[in-house]
1. Take the alpha carbon gyration tensor of region 37-116, find the square roots of its eigenvalues, order them as a ≥ b ≥ c, and report rounded if a/c is under 1.5; if not, report prolate when a/b exceeds b/c, else oblate.
2. Over the alpha-carbon set of region 5-78, work out the extent along each principal axis and list the three values in angstrom, largest first.
3. Can you give the accessible area of SER120 in Å² (nearest 10), computed on protein heavy atoms with a 1.4 Å probe?
4. Tell me the accessible surface of ILE35 in square angstrom (1.4 angstrom probe, heavy atoms of protein chains only), to the nearest ten.
5. Taking every Cα atom in region 1-46, find the radius of gyration and the maximum pairwise distance Dmax, and write them in Å.
6. For region 99-180, what relative contact order do you get, as a whole percent, if you take Cα pairs closer than 8 Å and at least 6 residues apart?
7. Kindly report, to the nearest 10 Å², the accessible surface of ARG121 as traced by a 1.4 Å probe over protein heavy atoms only.
8. Can you tell me how much longer the chain between ARG117 and ARG21 gets when fully stretched, taken as 0.36 nm per residue apart minus their C-alpha distance, in nm with one decimal?
Amino acid sequence: MRMDYKRLSKTVARALRHAPRDYDLDLDPEGWVAIDDLLAALRPRRREWRNLAADDLTAMLEQATKRRYEICDERIRAYYGHSVPERIEKEPAVPPDILFHGTTPDAAETILHDGLRSMSRQYVHLSTDRETAHLVGGRRTPDPVILTILAAEAHRAGVAFYEGNDDVWLADAVPPEFIQTP
Ligand code: HQG
């Protein structure tokens, strides 16, 4: 049977971003778990996963359109997206001058007034380019609004930024004075 990598990735996201305890997993402070522990937790869950191996996780990463997970030294973690109660430690970093955030027209109106908040996740998620922001906003609406984030200016004013992957930056709450419509 061919492996459904999308389904696998969704379950891995649940395990590594949102509900590790449901999988008897403990994320370390930077979000890592041992690949062997993840595989052991997943194998009994679906017939097609009964022989799940590290190679399947590597193939899942290769097939994905987004870089969601990092594998290193027989461990795996999510680059971003966490909602677990324990804050995942990220290294503060200097952001590019400008970042983008794609969202719905209604949310954009609130964000321009109140600023960007992390909502159910630990961090605000920002995109390095408009196209990625369009894809992010497009998950919720056919007509996303792309907000421009004055990231360097916000950083200088004390807002913390963190690297996610090549396309995604993370930040703490971003006040409205650093957010513009195009
Ligand atoms: C909105 C996906 C009202 C915000 C994506 C967004 C991304 C506000 C929603 C990653 C607000 C939160 C994260 C405020 C923010 N008032 N609405 N003050 N501040 N919002 O899913 O950025 O496929 O938690 O605009 O591609 O959409 O899962 O964040 O609409 O990279 O790998 O509240 O998740 O990646 O939604 O997406 P989310 P997001 P994956």
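1. The shape class here is prolate.
2. 30, 26, 21
3. About 90 Å², rounded to the nearest 10.
4. 10
5. Values for region 1-46 (Cα only, Rg and Dmax): 10.6, 36 Å.
6. 43
7. Here the accessible area works out near 70 Å².
8. 32.0 nm
The values are calculated or read from the model by the stated rules, or taken from the named source; none is laboratory data. Remember, predicted model here, so these are calculated numbers, not experimental data. For neighbour counting, all protein chains shown are included, and Cβ atoms are generated from backbone atoms with ideal geometry for every residue, glycine included. Surface areas here come from the heavy atoms of the whole protein model, side chains and all, with no ligands, DNA or RNA. Shrake-Rupley method; radii C 1.70, N 1.55, O 1.52, S 1.80 Å.
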